[in-house]
Amino acid sequence: MHIVDGALSNPVVIGGAVAAVGGIAMGLRSLPLERIPAAGVLSASFFVASLIHVPIGPSSVHLILNGLAGLVLGWAAFPALFVGLLLQAVFFGFGGLTVLGVNAVNIALPAVLVGLMFRPLLARGSPLQGAIWGGIGGGLAIAATTLAVAVSLMLSGDEFILAAKLVFFSHIPVMVIEALLSGAAIFLARRVKPELFIDTKGSLA
Amino acid sequence: MTYVLTGNDKPIGGFGGFRAKVTSLDPRMRIVMTAVYAVVVVSLSSLWVLTAALGLSLWLLAFSGLPPRKTLKRMAMMDSFIIFMLLMLPFTIPGTPVFSLWGLEASWEGLRRAVEIALTANAVILAVMTLVGSMEPVTMGHALFALKTPERLVHLMMFTIRYIDVLREEYQRLRTSMKLRGFRPGTNWHTYRSYGFLVGMMLVRAIERSERILAAMKCRGFTGRILLLEDFRFSRSDLLFSLALSAALAALVWAEVSYAAS
């Protein structure tokens, strides 16, 4: 899902960087210093989750769980996922440096949108109902991310249209897996720590 | 401390351990030069010049004291992610045909574009890993703060860096207990539900942990401000290094311009 340096056109790269700065600023505004430990530990757990490989047929996929991040963190998911991407690029060599903004927008914006849309629904009804909304949110976030990756490729040149389509369709199984996993995670969190999703003004933890 | 990020199996002793020349340079200068380097290399398009840029990155790797094989392996892993996209390019860009495969024409222009992207991506990510990735993660946080990155973003990053290993261990503990109970992953509902519970449990524990952290910090007089103590000095060797790298970059740009003119 990471785009590398040199593939995208300049307007896309610059637009992505500007949008990422805006998103990070919005996210930091919702993070008073008291909440930083919670956001940081959650950001670390999503980083660790992205190292988990889940089997699918003969192969395996690694998790992204940006939808779950958005559901738990709200706007703070933007800087949290950005930090994860930065660390991945610098220490693992995944992605690139100039495309960091584009990658952050592609992954974090769907997370934030899903969080805004579905978070209020999670605390309602039975844990199973919350889990179903969480699952829909988790699947939608990955769908939106692949779509955003496809769009950033297509905006950069017609030669990427085939690659963009392939990115989208090859990720349909990933969307299903992420939806199932997010749903199950929300189900467990609702059972074990129901107060997690009851909004006490200002969301997050 | 952060061996998930740095890949050291054992924490190295001393301050950042025993790493060669690049590590003794000013981290702020390394971050700035890496950004400049990335922007310059991305703007290049001549294949020869890009090959030279990749050579420069390899030279930096040799100079950095990072384990070369491991670093190159990580770079190759990134290549394996993008290889399909690159392989498609020759067939989707129209132009003079080079060869045909199953009735599809591969164009010379497409091949060139694919090579161009591969060279750029590798040159940049290698420079990023050698110049910035060779730092202690915590030092990178301090250097970014010294470079006027918003304080709260740096704090968020420091917490992430600090807790990645803790949570990785937590994940492994949970996985071990799953294994002990006979869990074997496969492509089925049971597997995905179990992994979902695993992630959910990690999140619940993470939040509870963060409550304890905040309480412990408050107990020690946390007022919402963390002091970032690290003294950076821009020394003569930093000046020499940044001048040499700038000169190399200028040479690349010059080569690109004269190549385009010819």
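Using Cα centres only, tell me the gap between the range A:1-55 and the range A:89-132 in whole Å.
Each part's Cα centre sits 9 Å from the other's.
Enumerate the calculated ³J(HN,Hα) couplings along the range A:173-178 in order (Karplus 6.51 cos²θ - 1.76 cosθ + 1.60, θ = phi - 60°), each rounded to whole Hz, writing x wherever the residue is Gly or Pro.
Values per residue, Gly and Pro as x: x, 5, 4, 5, 4, 5 Hz.
Based on C-alpha coordinates, I'd like the Rg and Dmax of chain B, in Å.
Spelled out, the Cα radius of gyration and Dmax of chain B are 23.3, 72 Å.
Under a Cβ-only charge scheme (Lys and Arg +1, Asp and Glu -1), can you give me the dipole magnitude of chain B about the Cα centre, in debye to the nearest 20?
With only Lys, Arg, Asp and Glu charged at Cβ, the dipole is about 1180 debye.
With labels modelled as points extended 7 Å from the Cα through the Cβ direction, what inter-label distance (nm, one decimal) is found for B:Phe234 paired with B:Gln172?
4.2 nm
Per the helix-only calculation at 222 nm, which mean residue ellipticity applies to chain A, given -39500 (n - 2.57) for every DSSP H run of n ≥ 4 and division by its residues, nearest 500 deg cm²/dmol?
-22500 deg cm²/dmol
Of B:Thr96, B:Ala118, B:Leu61, which is farthest on the positive side of the dipole of the protein assembly as shown, counting Cα position, with +1 on Lys and Arg Cβ, -1 on Asp and Glu Cβ, and the Cα centre as origin?
Towards the positive end, the residue furthest out is B:Leu61.
What is the extension gain from B:Leu87 to B:Trp59, computed as 0.36 nm multiplied by their sequence separation minus the C-alpha to C-alpha distance, in nm to one decimal?
7.3 nm is the gain from fully extending B:Leu87 to B:Trp59.
Could you check the simple spin-label distance between B:Val98 and A:Ala123, using points 7 Å along Cα→Cβ, in nm with one decimal?
That separation, rounded to one decimal, is 5.9 nm.
Can you compute the charge dipole magnitude of the range B:150-219 about its Cα centre, using +1 on each Lys and Arg Cβ and -1 on each Asp and Glu Cβ, nothing else charged? Give it in debye, rounded to the nearest 20.
That gives a dipole near 280 debye.
With only alpha-carbon atoms in the gyration tensor, what are the semi-axes of the equivalent ellipsoid for the protein assembly as shown, in Å, largest first?
Numbers: eigenvalues 265, 169, 76 Å².
Ellipsoid half-lengths, sorted descending, are 36, 29, 19 Å.
By how many degrees, 0 to 90 and rounded to 10, does the Cα axis of helix B:68-92 deviate from the longest principal axis of chain B?
Value to nearest ten degrees: 50.
Stretch B:Met77-B:Phe183 to full length: gain in nm at 0.36 nm per residue minus the Cα-Cα span?
Values: separation 106, 0.36 × 106 = 38.16 nm, distance 2.88 nm.
So the extension gain works out to 35.3 nm.
Taking chain B as the reference, fit the longest principal axis to its C-alpha atoms, fit the long axis of helix B:236-261 to the helix C-alpha atoms, and give the angle between the two in degrees, 0 to 90, nearest 10.
40 degrees
Find the relative contact order for chain A and round it to a whole percent, using C-alpha pairs within less than 8 Å whose residues are 6+ positions apart.
26 percent
About the Cα centre, and with charges only on the beta carbon of Lys, Arg (+1) and Asp, Glu (-1), how big is the dipole of the range B:104-207? Nearest 20 debye, please. Each step should come with its number before you reach the end.
Working: 13 positive and 8 negative charges, 134 e Å.
Dipole about the Cα centre, nearest 20: 640 debye.
Hey, what's the Kirkwood Rh for the range B:150-219 if you take every pair of different alpha carbons, in angstrom?
One over the average 1/r among Cα pairs gives 14.0 Å for the range B:150-219.
Putting +1 on Lys and Arg Cβ atoms and -1 on Asp and Glu Cβ atoms, find which of A:Gly96, A:Leu109, A:Ala189 reaches farthest to the positive end of the dipole of chain A.
Looking along the dipole axis, the top candidate is A:Ala189.
How tilted is helix A:10-29 with respect to the longest principal axis of chain A? Cα atoms for both, answer in degrees (0 to 90, nearest 10).
20 degrees
Expressed as a whole percent, how much of the Cα-Cα distance distribution for the range A:56-136 exceeds 20 Å?
Of all Cα-Cα pairs in the range A:56-136, 42 percent lie more than 20 Å apart.
Got a sec? Charge dipole of the range B:150-219, +1 on Cβ for Lys and Arg, -1 for Asp and Glu; which of B:Leu156, B:Leu180, B:Met217 is way out at the positive end?
So the residue furthest toward the plus end is B:Leu180.
Normalised by the number of residues in chain B, what is the relative contact order in percent for Cα pairs under 8 Å and 6+ residues apart?
Rounded, it is 29 percent for chain B.
Show the residues, 5+ positions off or on another chain, whose built amide H is closer than 5 Å to the amide H of A:Val61.
Counting only residues 5 or more places away or on other chains, the set is A:Val54, A:Ile56.
Once you average over the residues of B:166-175, how many Cβ atoms of partner chains fall within 10 Å of each Cβ?
Partner-chain Cβ atoms within 10 Å, mean over residues of B:166-175: 3.
Coordinate-derived values only; no laboratory data. Everything quoted here is computed from the prediction, not taken from an experiment. Glycine also receives a Cβ, built like all others from the backbone with ideal geometry; neighbour counts cover every protein chain displayed.
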